[in-house]
Amino acid sequence: NRLEAAAHELETYLAARPQDAARHEQAARICRELGRNEAALGHYDRAIALGRGSSELQAARARTLAALERWEEASALLEQLAAAEPTNAEFRFELGLMRLRQAEHQAAVRAFAEAVRLRPDFVEAYTSLALALQLAGDCPGALRALDQRAAHAAENTGTYFLRAICHDRLRQLDAAIDNYERFLAATTDRESTQAFQARARLQLLKRQRPRR
């Protein structure tokens, strides 16, 4: 395995030359690829202590903290990065993802909304904004975010399912049925939890829909 060999070579090198910040950063990236997140964090911390404190390196450290499920530390670091670079949409987006994982839905909404304000064609941020709004109980807002996303990218299984959930909760039966059906037609995983839920809701909603 070339990555394993590279990691071993770097560790040997750094044992002899521990002050090489650039090599610590390189070692951190390789450790991340190998899933050795504790080791990666140690190398990032060493690189930063030796003076390599770029925003991208700090963001990589935040992702490593998140991989270790140290969500609060990761979020705090991304808050600092976003404040230092107020036009960086990616930092806002990543902060939103952190807040979403912490079930801080309103904070996630704010971060994703800022990301799409800064980058109006940020498709992934619109999707995540819609999800955060839905989880926060704002289904009309989630649908608006999905409509904004649709101006930049095609619908997919995720957006069909999210639309269906929102219309379902708003008791907009025809739209909910239509989107559940679109989701089921598009999905390749017929045994997923979402597919099971979609089939169950379709059966129920079709019985509840007034006859024409």
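Assign unit charges at the C-beta atoms only (+1 for Lys and Arg, -1 for Asp and Glu), then state the dipole size of the chain relative to its Cα centre in Debye, rounded to the nearest 20. Intermediate results must be reported in sequence, preceding the final value.
Details: 31 positive and 29 negative charges, 218 e Å.
Once rounded to the nearest 20, the dipole reads 1040 debye.
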>> Could you work out what % of the accessible surface of the chain is carbon and sulfur, using a 1.4 angstrom probe and leaving DNA, RNA and ligands out of the count?
In response: 48 percent
> When the Karplus curve 6.51 cos²θ - 1.76 cosθ + 1.60 is applied with θ = phi - 60°, which whole-Hz ³J(HN,Hα) does each residue of region 46-55 get, with x for Gly and Pro?
Replying inline: 5, 4, 5, 4, 8, x, 8, x, 4, 5
>> List the residues, sorted by chain then number, that are 5 or more residues from Asp20 or on another chain and whose placed amide H is less than 5 Å from its amide H.
In response: none
> Convex hull volume of the Cα atoms in region 60-212, per residue, in Å³?
Replying inline: 118 Å³
> How far is helix 105-118 tilted off the main Cα axis of the chain, in degrees rounded to 10, range 0 to 90?
Replying inline: 80 degrees
>> If you count only protein heavy atoms with a 1.4 Å probe, what accessible area per residue comes out for the chain, rounded to a whole Å²?
In response: 54 Å²
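The values are calculated or read from the model by the stated rules, or taken from the named source; none is laboratory data. Not measured: the values here are computed from a predicted model. As a convention, Cβ positions derive from the backbone with ideal geometry for all residues, glycine included, and neighbour counts pool all protein chains shown. When the accessible area is computed, the model is the full protein with side chains, heavy atoms only, and any ligands, DNA or RNA have been set aside. Shrake-Rupley method; radii C 1.70, N 1.55, O 1.52, S 1.80 Å.
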